[in-house]
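Take a look at the structure set out below.
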Amino acid sequence: MRTKTGHEDVYLSKRMGFVKLALQHGAALVPCYAFGTVDLYHVSNSQHHANTRGLLWTLHKKLGIAMPLYRGSFGFMPKRRPVDLVFGEPIEPVLASPGAPTDAEVQAMHATYVVALKQLFDRHKGSLGYGDRELTVS
């Protein structure tokens, strides 16, 4: 619903549930990024505004159904663009004591994950043809 063609945005700043689950179960977090996904469909600025502010956004919030305005190469079919998935090094969970993680531990691991994701993006963007883009985490 918030995708803008040509803009690499990830919405992670308030999403910490995956980090908490990883800490609770002792699972490593592996940063990964799919280059090219924001270019599969065209979403113009006016359509982006409608997706996040208008009737479709209201329906999404009330019904939990996303119906964004977009177009691909043939209507709803995506454009023919490469999508390259890159993976970073696993981030092992660190807990002061066994049991439920504290909020501070969740926030610390989340911050580590975000830094690792940005570094992964920056390390691969040039070689994959996205050297002019920046990753925004909001």
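What follows draws every value from the coordinates through simple rules; no lab data is involved. This one's a predicted model, so the numbers in the text were calculated from it and none came from an experiment. Neighbour counts run over all protein chains shown; Cβ positions are idealised from the backbone, glycine included.
Straight-line cross-link partners of K61 among the lysines, defined as a Cα under 30 Å from its Cα and at least 8 positions apart when in the same chain: K4, K14, K20, K79, K118.
What full-extension length gain, to one decimal in nm, is calculated for A108 and T5 as 0.36 nm per residue of separation minus the Cα-Cα distance? Please list the in-between numbers first.
Numbers: separation 103, 0.36 × 103 = 37.08 nm, distance 3.13 nm.
Difference between extended and current length: 34.0 nm.
Note on V83/L59: beta-carbon distance plugged into 1/(1 + (r/R0)^6) with R0 of 30 Å gives a FRET efficiency of 0.60. Of the peptides 111-120, 13-22, the ranking by mean beta-carbon count within 10 Å, highest at the top, reads 111-120, 13-22.
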